[in-house]
Amino acid sequence: MRFSAPRSLSPSPVRGRRRNSCSFGLQDDSDERPKHVIRDPTEQRQIEDTVAAIRLRTRHYDPYEEWEKQTRKDAFRTARKEQAMSQTRLHDEQDRLRAAEAKRIAAHHAQQLTEVQGKLNALKLQQQAAETKLREYMKARDKLLWQRVESVIKMEEDKVKARLEKEKKAREEEERLAKEAELKRRLEEEKKKEEEERKRKEAEEAQRLVDEREKKEEEEGARITEEKDKTERLKAEEEQRNAMGMTMEQSTRHSPSMKFVKSNPELKAEWGKGRRQITPKIGQLTNDEGAITRISNQLVEIIRPSNGQAHHPAVYAALLSSLAKAILLQAETEVTAEKRSAMPLAKVAFNLLDTLDHFPEIFFAKLVQRVGSWAIPAVVPAVDIDGEPWENRSKVMGYRKSENSDDLESPAEYGNRVSGIMRVYFHILKIPPRQQPLKPMYQLPRYWIWFARLIGERGLLETAIAPQLIYTALDVLGSDARDIWGYQWVKLLALVYEGVTASLEGGNFIGSESPEGKAARVRVQLEIERIMTGVRS
């Protein structure tokens with residue numbers, strides 16, 4: 001049963017009613033027109049009947065329509081089930097075909113892998129045979145080569161030994177003749193001086209006797225006081241010198257000049273002015289030959305002015321100490337962070353060691369003060385020279401306060417700091433002399449002595465810092481040492497290599513079992529292998 005509703009009486013959007021407003025958008029103020037559309041009763045009744053018919057239609061139940069709707073649902077369900085079964089069969093067939101293809105490909109790949117492995121095994125056997133043959137050939141060649149090298153070295157050593165012996169005898173003869181001539185000259189001068197002194201005393205004897213009577217009491221008192229002060233001062237200096245194990249020359253050089261300078265306001269101001277000029281110069285150093293030469297000349301000018309106004313001897317010694325300390329502090333900070341910065345710093349130090357008087361001794365003393373006995377190297381005893389316990393043994397060994405706490409620095413901090421300083425020292429040994437050699441502690445043979453002493457000290461080898469310093473020394477001069485000392489250096493490296501790989505006597509390795517020691521041993525092993533292969537770092 002169908003119903004239709006009459007068309008609405010609402011106006012079409014196209015045929016819209018004119019707005020009851022003026023052209024300016026204002027509402028018309030006329031009340032004569034009605035605001036809503038008024039319908040007649042017939043039209044109103046027709047609308048109500050239509051609405052009632054629509055409501056009745058929506059509430060009507062038609063069995064045929066319900067059956068038709070259910071039939072559609074069942075047909076759709078059956079079709080979807082058949083579609084799912086068809087898709088399942090299709091997917092199963094595709095999976096079966098893919099599995100069969102994968103199995104076939106896997107079998108083919110396995111066959112190819114077997115063939116390739118067989119060929120590789122054959123090639124490996126051929127390679128091993130070739131390597132064995134080449135290794136035997138190289139071993140025989142090296143043995144013959146080293147025999148020749150050793151024979152040549154022995155011949156050269158014999159020649160050098162004979163030449164040195166001849167030069168030694170000639171030098172001793174020259175020294176003997178020079179001493180005899182000097183002794184004869186001094187005897188003649190003393191005899192002449194005694195004769196002049198005797199005549200002068202005879203002329204002054206009368207006047208002296210007259211003056212002596214008047215000044216005897218005053219001079220006697222002054223003499224006694226002076227003798228007493230001098231005796232006490234010499235005794236104190238001798239005790240201090242003996243306690244430090246220093247000679248008279250070293251004691252004179254390391255006299256308490258710093259205390260004397262600090263106690264004198266004028267000298268302290270002069271020293272402070274020079275010290276403030278030294279530190280910025282060291283900080284401006286770069287790896288440039290022009291900058292190295294310029295900064296070296298500027299530092300020499302600060303320590304030893306060319307305008308003729310020389311420093312007081314105490315101020316000169318204090319400035320040398322400040323200069324050495326500035327170089328070592330720069331090595332502790334810069335070289336620890338970047339090892340390539342050690343070379344320009346070593347060149348500046350070498351220039352100063354070659355130019356400034358007494359600087360080599362003061363610089364080495366400061367070096368020992370910062371790194372302890374590792375500059376020699378030697379084991380610091382538990383007691384001092386008097387047999388008493390050493391309270392400041394850690395300070396003597398070079399330990400300083402940690403930057404992160406008030407305690408002493410950790411083994412890792414100590415090792416990094418000492419390695420930075422020793423890297424600069426080894427670079428100084430590497431620089432060839434210009435006109436005349438430096439002091440013995442800055443000559444290249446000191447490098448061999450350093451290794452020989454370290455290998456002979458079992459207590460030092462078992463510390464964590466020992467492999468760090470060995471690596472530093474090999475990194476700087478290891479390849480050059482092989483070119484200089486040849487097979488003897490190779491035998492020394494063999495001892496070190498055995499200590500870091502196979503252990504020392506007693507089962508301990510170089511560097512012990514600390515984490516720092518293990519890491520440093522690996523670096524030493526790699527560095528020795530690099531030196532033996534001839535690769536330059």
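The values are calculated or read from the model by the stated rules, or taken from the named source; none is laboratory data. For clarity, every value in this text was computed on a predicted model and none was experimentally measured. A quick note on method: Cβ atoms are made from the backbone with ideal geometry, for glycine too, and the neighbour counts reach across all protein chains shown.
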Does any residue of the stretch 394-401 turn out to be closer than 17 Å to Q369 by Cβ, free of Cβ contacts under 8 Å to residues at least 12 places away in the same chain and polar (S, T, N, Q)? no
Residues of the stretch 462-476 satisfying the condition of being surrounded by fewer than 21 Cβ atoms within 10 Å (Cβ to Cβ) and part of a helix (DSSP H, G or I): D475
Determine, yes or no, whether D407 is touching a residue at least 12 places away in the same chain (Cβ under 8 Å), over 27 Å from Y442 (Cβ atoms) and either surrounded by fewer than 15 Cβ atoms within 10 Å (Cβ to Cβ) or not aromatic (F, W, Y) (or both). no
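Only one of these is outside the structural domain of M532 (by the TED database) and over 60 Å from the mean Cα position of the chain (by Cα): K168, K191. Name it. Quick ask: steps written out before the conclusion?
On the way: K168 fails: over 60 Å from the mean Cα position of the chain (by Cα).
Testing whether each residue is outside the structural domain of M532 (by the TED database) and over 60 Å from the mean Cα position of the chain (by Cα) leaves just K191.
Going by the structure shown, is Q298 modelled with pLDDT under 90 and either under 20 Å from F260 (Cα atoms) or out of contact with any strand residue (DSSP E or B) (no Cβ under 9 Å at 6 or more places or on another chain) (or both)?
On the way: modelled with pLDDT under 90: no; either under 20 Å from F260 (Cα atoms) or out of contact with any strand residue (DSSP E or B) (no Cβ under 9 Å at 6 or more places or on another chain) (or both): yes.
Spelling it out, it is not the case that Q298 is modelled with pLDDT under 90 and either under 20 Å from F260 (Cα atoms) or out of contact with any strand residue (DSSP E or B) (no Cβ under 9 Å at 6 or more places or on another chain) (or both).
Does A178 satisfy being surrounded by 10 or more Cβ atoms within 10 Å (Cβ to Cβ) and over 30 Å from M532 (Cβ atoms)? Even if it seems obvious, please write down each step before you answer.
Numbers: surrounded by 10 or more Cβ atoms within 10 Å (Cβ to Cβ): yes; over 30 Å from M532 (Cβ atoms): yes.
When the stated conditions are applied, A178 passes them.
Being in the same structural domain as F350 (by the TED database), out of contact with any Asp or Glu (no Cβ under 8 Å at 6 or more places or on another chain), at pLDDT below 90 and closer than 21 Å to H358 by Cα: is that true of L267 here? Outline the logic, then answer.
On the way: in the same structural domain as F350 (by the TED database): yes; out of contact with any Asp or Glu (no Cβ under 8 Å at 6 or more places or on another chain): yes; at pLDDT below 90: yes; closer than 21 Å to H358 by Cα: yes.
Criteria met by L267.
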So which residues in the stretch 267-286 are within 18 Å of V424 (Cα to Cα) and surrounded by 14 or more Cβ atoms within 10 Å (Cβ to Cβ)? T279, K281, I282, L285
Residue check, D357 against (1) over 18 Å from I470 (Cα atoms); (2) acidic (D, E); (3) touching a residue at least 40 places away in the same chain (Cβ under 8 Å), all met but one. Which one? (3)
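So which of E462, E457, E403 is at pLDDT below 85 and among the acidic types (D, E)? Before the answer, list the steps.
Numbers: E462 fails: at pLDDT below 85; E457 fails: at pLDDT below 85.
Of E462, E457, E403, the one residue that is at pLDDT below 85 and among the acidic types (D, E) is E403.
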Conditions (1) part of a helix (DSSP H, G or I); (2) closer than 22 Å to S410 by Cα; number of the one not met by V500: (2)
Looking for whichever is part of a helix (DSSP H, G or I), in contact with a helix residue (DSSP H, G or I) (Cβ under 7 Å, 6 or more places away or on another chain), not β-branched (V, I, T) and not assigned by the TED database to the domain that holds G486 here; the options are E115, E136, E131, E150. Which one fits? E150
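What do you reckon, is N297 under 17 Å from K347 (Cβ atoms) and not in a helix (DSSP H, G or I)? Break it down into steps so the answer makes sense when it comes.
Values: under 17 Å from K347 (Cβ atoms): yes; not in a helix (DSSP H, G or I): no.
When the stated conditions are applied, N297 does not pass them.
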On the basis of being of a type in the set (G, A, S), in a helix (DSSP H, G or I) and farther than 30 Å from R393 by Cβ, does A314 make the cut? yes
